[in-house]
């Protein structure tokens, strides 16, 4: 596991992460990209614990996702299985586990304040914190995608599954977009990545 994990996380975080993973009944699996989640945790019927993380994530998002899932294991072990998955116990555990990593040896100084701010009150998904999601995506390899907030009004775009939408007005924090084929309206987070089409 040591060799595998060290390829996916910042070098300065490796030794501490390996300490957190020293659990007799824990299996960590690297998965192909999943569009609906970055990672997950589950307790298996045989009593073992399994964490999966998308291998396509950049090393900073991978680290945050891995610690997020370890926090589930730690919180359930400490507080019992009847707590809310992303409730107060999980938040405190996630904060406690992440704190040693929030430093310039692990994260680039440009995004460190955004990371620190997020962990004052961590969300169930880093994607729901638009500022953090944008900061982390700026560290991804370049691609032909644009963020919804960058797409011009009334411009058409497609999402990962090929569905085509036209961008509409902004509602508070999300953008109203109409699916071209069905005429149905959907709300998109500002940091959703899409491919702009030629109108």
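General remarks:
- Highest to lowest packing among 65-74, 135-144, scored as the average C-beta count within 10 Å: 65-74, 135-144
- Relative contact order of the chain, defined on C-alpha pairs under 8 angstrom at six or more residues apart (%): 14
- Ranked 157, 119, criterion: other C-beta atoms within 10 Å, fewest first: 119, 157
- Shape of the stretch 146-196, Cα gyration tensor, a/c cut at 1.5: oblate
- The sum of -39500 (n - 2.57) across all DSSP H runs of n ≥ 4, divided by the residue count of the chain, sets its helix-only mean residue ellipticity at 222 nm to -8500 deg cm²/dmol.
- From the alpha carbon centroid of the stretch 79-95 to that of the stretch 102-136 is 20 Å.
- Note: relative contact order over the stretch 114-199, using C-alpha pairs below 8 Å and six or more positions apart, is 29 percent.
- Order of 13, 126, 6 under a 10 Å beta carbon neighbour criterion, fewest first: 6, 126, 13
- Counted over the chain, the DSSP beta bridges are approximately 80% antiparallel.
- Neighbour counts of other Cβ atoms within 10 Å put 98, 29 in the fewest-to-most order 29, 98.
- Relative pair counts by distance (%), Cα atoms of the stretch 28-155, 5 Å bins: 2, 10, 19, 21, 20, 14, 8, 4, 2, 1, 0
- Cα long-axis angle, helix 88-98 against the chain (0 to 90 degrees, to the nearest 10): 80
Read-outs: derived from the displayed coordinates by stated rules, not from any lab. Note that the structure is a prediction, hence the values are computed from the model and not measured. Positions of Cβ are backbone-derived with ideal geometry, glycine not excepted, and every protein chain shown enters the neighbour counts.
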